[in-house]
Amino acid sequence: MEQIWLDAINWFNALADTLHLPSFFIMIEFVGTFAFALSGIRLASAKQFDVFGAWIVGMATAIGGGTLRDIMLGVNPFWMINEIYFIWCALAVLFVHIFAKYLVKQKNTWFIFDTVGLALFNVVGIEKTLQMGFPMWTAITMGSVTGAAGGVIRDVLINEVPLIFRKEIYALACVAGGIVYSIMHTLGFDAAISAMLSSIVVIAVRCFAVKFHWHLPIVRGE
């Protein structure tokens, strides 16, 4: 049993080194992957997609933003290095299938999964960009891409107008979280603490924006 535990730790640390992320952020990425996959699969189920179609939508939601980020950073996309991300998305399909009736009754489940995924992927994108030596303004940008791009791909696949193009505060919540992360980083706080506080800010901004109908001015053609 002890050897299995040691092998698991070594595997986890090796994955962290390969992905240019501290171990704590790998755990955040796993949770974010599951949450974002759930948001995509939940919406796909509402559109009556079959199991494979729902898995594709979940995968696209979970890995889309990170793939775009990694390509822009010049590294191999994270999901091509380890199959664990496919497994997380498959588990998300199973979860939605088992608890389908409960998830359908609770109409806000999609919003919860999407918001958690947005917040967690945002800090993963920020930290990975910093680990690769880029400046903070680039990290904030990559955090927003990591958090928001997967949702854009999801909405396109299910034939909805992407949230980022609607009145809702979405990517801007990532920017707010990125600014908080930047301040904490500048003040010398531990990356894990910075990540937690930044995630809380993203979730809070997103929730308050929906509750109080905050939105940016609408561009009018006439």
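The values are calculated or read from the model by the stated rules, or taken from the named source; none is laboratory data. Please read these numbers as outputs of a predicted model, since none were measured by experiment. All Cβ positions, glycine included, derive from the backbone under ideal geometry; neighbour counts span all protein chains shown.
Numbers at a glance
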| quantity | calculated |
| --- | --- |
| Pairs with Cβ under 7 Å, 6+ apart, first in the stretch 40-65 and basic (Lys, Arg), second part of a helix (DSSP H, G or I) and surrounded by 19 or more Cβ atoms within 10 Å (Cβ to Cβ) | Arg42/Val96; Arg42/Leu103; Arg42/Phe113 |
| In the stretch 100-116, residue farthest from Val175 (Cα to Cα) [restricted to those that are among the aliphatic types (A, V, I, L, M) and surrounded by 15 or more Cβ atoms within 10 Å (Cβ to Cβ)] | Leu103 |
| Restricting the stretch 183-217 to residues that are surrounded by 19 or more Cβ atoms within 10 Å (Cβ to Cβ) and of a type in the set (S, T, N, Q), the residue that is farthest from the chain's Cα centre (by Cα) | Ser194 |
| Odd one out for Phe49 among (1) in a helix (DSSP H, G or I); (2) over 23 Å from Glu127 (Cα atoms) | (1) |
| Number of positions in the stretch 1-40 that are β-branched (Val, Ile, Thr) and more than 21 Å from Gly58 (Cβ to Cβ) | 3 |
| Some residue of the stretch 22-36 being of a type outside the set (Asp, Glu), closer than 20 Å to Ala119 by Cα and not in a helix (DSSP H, G or I) | yes |
| Test: Ala119 is within 24 Å of Val210 (Cβ to Cβ), modelled with pLDDT of 90 or more, in contact with a Phe, Trp or Tyr (Cβ under 7 Å, 6 or more places away or on another chain) and surrounded by 15 or more Cβ atoms within 10 Å (Cβ to Cβ) | no |
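Condition check ((1) under 24 Å from Ser198 (Cα atoms); (2) in contact with an Asp or Glu (Cβ under 9 Å, 6 or more places away or on another chain); (3) surrounded by fewer than 15 Cβ atoms within 10 Å (Cβ to Cβ)) across all residues:
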site: Ile9; (1), (2), (3): no, no, yes
site: Phe34; (1), (2), (3): yes, no, no
site: Ser39; (1), (2), (3): yes, yes, no
site: Ala46; (1), (2), (3): no, no, yes
site: Trp55; (1), (2), (3): no, no, no
site: Leu73; (1), (2), (3): yes, no, no
site: Ile87; (1), (2), (3): no, no, yes
site: Ile98; (1), (2), (3): no, no, yes
